[in-house]
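K.L.:
Mind having a look at this structure? Questions to follow.
We did not get these values from a lab; they are worked out from the coordinates using the rules stated. This one's a predicted model, so the numbers in the text were calculated from it and none came from an experiment. When we count neighbours, we look across all protein chains shown, and the Cβ atoms used for this are built from the backbone with ideal geometry, even at glycine.
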Amino acid sequence: MNLLYSNDKQGQYPESWYAASTPSLPPFSALKGDARADVCIVGAGYTGLSAALHLAERGLSVILLEAHRVGFGASGRNGGQLGSGQRVEQDDLERMMGNDDARHLWLLAEDAKKLVRGLIEKHAIDCHYKPGVMHACLHSSEVAHEHKYVEHLNTKYGYDDIRALSHGDAQSICPSPAYKGGSIDMGAGHLHPLAYAIGLARAAASAGATIHENSAVHHIKPGVKSTDKHVIQTEKGRVTADHIVLACNGYLGGLHRKTAARVMPINNFIAATEPLGDDVTRVLAQDVAVADSKFVINYFRLSHDNRLLFGGGESYGYKFPADIAATVRKPMAQIFPHLRDVKIDYAWGGTLGITMKRLPYLARLGPNILTASGYSGHGVGTATHAGLLIAQTITGQSSGFDTMARLPTPAFPGGSAMRTPLLALAMTWFALRDRIGI
C-alpha cells in the first residue's frame with residue numbers, strides 16, 4: 001500500500017479548512033518526456049519548495065516533482081506552529097552534542113524563524129502569521145521543569161522572548177481547567193500552513209524553478225561518481241540532473257531504504273470547529289498557538305475566522321480512522337469540556353515523518369544526492385530552513401547542513417517490517433502515561 005494514495009484522491013488537496021480557506025494555484029503540468037536540470041527535487045513540501053526557490057535565485061536550473069499538488073502533504077495540513085529551537089530542548093542537545101554544536105543548532109533554529117518571516121514579507125505571502133506560542137503543562141512537576149528551561153534559555157542563550165507562566169498567567173491566556181502553568185514564547189508564531197506553502201510555490205516558480213505536479217517518482221538511477229548524471233523516472237517522463245534532493249518526508253515510500261529506516265511515517269489529525277463567536281475567549285483570550293506537555297501532544301490555535309483548530313490523536317497504520325472528527329473530539333473535550341458538543345465543520349488527517357530521537361534527518365546519500373526530512377512535528381521552520389541549507393550546500397557552503405547532519409538519527413529497530421508495531425506499542429505506553437500522569 002502506498003501512503004501517497006492510501007487516504008487521498010489523486011491530485012487533490014484533502015477536504016480541510018486550510019484548503020477551503022485559501023485559493024490554490026492553477027495546476028502545474030505533469031512531467032512528460034525527457035528533461036534536463038542542474039537539480040531535480042522530489043517532493044513539493046516546505047523543504048522542496050524552499051530548496052527550489054533558493055536554488056533558482058542562485059541561477060541554477062531546477063525541476064521540482066510532486067506526486068499530487070504543491071503543499072499536498074504535511075506542509076499543507078499541519079498545526080501551523082513556527083516554534084523556537086529544535087524539536088529537542090537545548091539542555092538535552094548540550095548533553096547529546098556538546099555546548100558548541102548545541103549553540104550552533106540554536107542559532108540555526110533562530111535563523112529558521114527569521115527565514116520564514118522574511119519569506120512571508122519578501123514574497124507577500126498572505127498566510128495570517130501571528131506571533132506567540134504557549135507551552136501548556138498538565139502537571140505541576142512539568143511546570144517546574146518548564147520554568148527552569150525558560151531560565152536556561154534566558155541566561156545561557158540570551159533569549160528573552162520567552163517567559164514563565166504561573167497557573168494564573170496560563171489561565172489568563174488559555175482558560176482550560178487542564179493546564180497548571182507553562183511558558184509563552186513571543187519569538188515563535190503561527191500561520192496558515194497551506195497558504196504559506198502555496199506562497200512558496202508561487203515564489204519558486206517566479207524565480208525560474210520548473211514545477212511538475214501529478215508526477216510521482218517511481219525510480220531513481222543514481223550516478224556512481226560525482227561527475228555522473230542521475231536519472232529520475234516518473235510514469236510519463238524522466239529528468240537527468242547533476243544533483244538530486246529527496247524532500248519526501250513521510251511520503252518517501254521505497255525511494256531510498258537508508259532514509260526510510262530512519263524516518264517513519266505516522267498520521268496525525270486536526271479538526272476545525274464552527275466559528276465560536278463570543279465563546280472564543282473561553283478557549284483563547286490571546287491569539288497565540290498552544291502546544292501542551294502530553295507525549296501524544298495536543299496543539300491548537302484560533303483561525304482567522306474564529307474557529308478552534310485542534311490537533312490531537314495519532315495512528316501508526318496506513319489508513320486514517322473512519323471518523324476523524326470523533327478521534328479529535330475526544331482530546332479536545334478533555335481540554336475544553338464546554339466544547340464537547342460543538343459542531344465540527346472540517347476534520348482531516350495527514351502523514352508526517354518522525355525519527356527515533358525526534359531530530360531531523362539531513363544527510364548526503366551519495367555523490368550529489370541530499371535529503372532532509374523527519375522533522376517530527378517541528379517542520380514549519382526547520383523544513384523551510386533545510387531547503388535553504390540544501391541550496392547553500394549545492395552551491396558550496398555546507399556548514400549549516402553539516403551541523404544538522406551530525407544530529408543522531410539511528411535507524412528504527414526491527415527494520416521496515418517491525419518498526420510500525422514496535423512504535424505503536426511504545427506509543428500505547430506513552431499514551432497510558434499521559435492518562436495516569438506519570
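K.L.:
Using a 7 Å offset from the Cα along the Cα-to-Cβ direction at both S166 and A322, what is the distance between the two label points in nm, to one decimal?
P.N.:
Distance between the two pseudo-spin positions: 5.0 nm.
K.L.:
A further question follows. Once R0 is set to 30 Å, what does the formula 1/(1 + (r/R0)^6) return for the Cβ-Cβ distance between K236 and A20, expressed as a FRET efficiency to the nearest 0.05?
P.N.:
E(calc), rounded to 0.05, equals 0.45.
K.L.:
So, one more: Would you work out which of Q286, F412, Y129 lies farthest towards the positive end of the dipole of the chain? Charges go on Cβ: Lys and Arg +1, Asp and Glu -1.
P.N.:
F412
K.L.:
Full extension from S226 to K258: what is 0.36 nm times the residue separation minus their Cα-Cα distance, to one decimal in nm?
P.N.:
Between S226 and K258, full extension yields 9.6 nm more.
K.L.:
Further question on the same structure: Please compute the alpha carbon radius of gyration of the stretch 87-202, then divide it by the globular-protein estimate 2.2 N^0.38 Å. Two decimals is fine.
P.N.:
1.21
K.L.:
OK, next. Please get the size of the charge dipole for the chain, origin at its Cα centre, with Cβ charges of +1 on Lys and Arg and -1 on Asp and Glu, quoted in debye to the nearest 20.
P.N.:
Taking the Cα centre of the chain as origin, the dipole is about 1140 debye.
K.L.:
Right, next: Starting from 0.36 nm per residue, how many nanometres of slack lie between D111 and H218 once their C-alpha separation is accounted for?
P.N.:
35.1 nm
K.L.:
Subtract the Cα-Cα distance of H145 and M186 from 0.36 nm times their separation in residues, and report this length gain in nm to one decimal.
P.N.:
12.8 nm is the gain from fully extending H145 to M186.
K.L.:
Turning to a different aspect of this structure: Where both partners of a DSSP beta bridge lie in the chain, what percent of those bridges are antiparallel, to the nearest 5?
P.N.:
Percent antiparallel among DSSP bridges in the chain is about 65.
K.L.:
Highest first, please rank the peptides 225-235, 63-73 by the mean number of other Cβ atoms sitting within 10 Å of their residues.
P.N.:
Top to bottom by mean Cβ count within 10 Å: 63-73, 225-235.
K.L.:
Right, something else. So what's the stretch 162-286 giving for Cα Rg divided by 2.2 N^0.38 Å, two decimals?
P.N.:
1.64
K.L.:
With a cut-off of 8 Å between alpha carbons and a minimum separation of six or more residues, what is the relative contact order of the chain in percent?
P.N.:
Value for the chain: 23 percent.
K.L.:
Quick one: if the Förster radius is 51 Å, what FRET efficiency do D402 and R340 give, using the C-beta to C-beta distance and rounding to 0.05?
P.N.:
Calculated value: 0.55.
K.L.:
Still on this structure, I have one more. Let me know the volume per residue of the alpha-carbon convex hull for the chain, in Å³.
P.N.:
Here the figure is 132 Å³ per residue.
K.L.:
Could you give the distance between the Cα centres of the stretch 143-162 and the stretch 1-23, to the whole Å?
P.N.:
Between the Cα centres of the stretch 143-162 and the stretch 1-23 lies a distance of 39 Å.
K.L.:
So, in Å, what gap is there between the alpha-carbon centers of the stretch 327-382 and the stretch 49-88?
P.N.:
Cα centroid of the stretch 327-382 versus Cα centroid of the stretch 49-88: 15 Å apart.
K.L.:
Based on the mean of other Cβ atoms within 10 Å per residue, sort peptides 8-16, 41-49, 384-392, 213-221 so the most packed one is first.
P.N.:
Descending mean neighbour count gives 41-49, 384-392, 213-221, 8-16.
K.L.:
Another question, then. Stokes-Einstein at 20 °C, 1.002 mPa s, Kirkwood radius from Cα pairs: D for the stretch 308-401 in µm² s⁻¹?
P.N.:
In µm²/s, the coefficient is 133.
K.L.:
Sticking with this structure for a sec: How large is the helix-only mean residue ellipticity at 222 nm for the chain, computed as the sum of -39500 (n - 2.57) over DSSP H runs with n ≥ 4, divided by its residue count, in deg cm²/dmol to the nearest 500?
P.N.:
-11000 deg cm²/dmol
K.L.:
More than 18 angstrom separation, counting every C-alpha pair in the stretch 46-116; what % is that?
P.N.:
That fraction is 56 percent.
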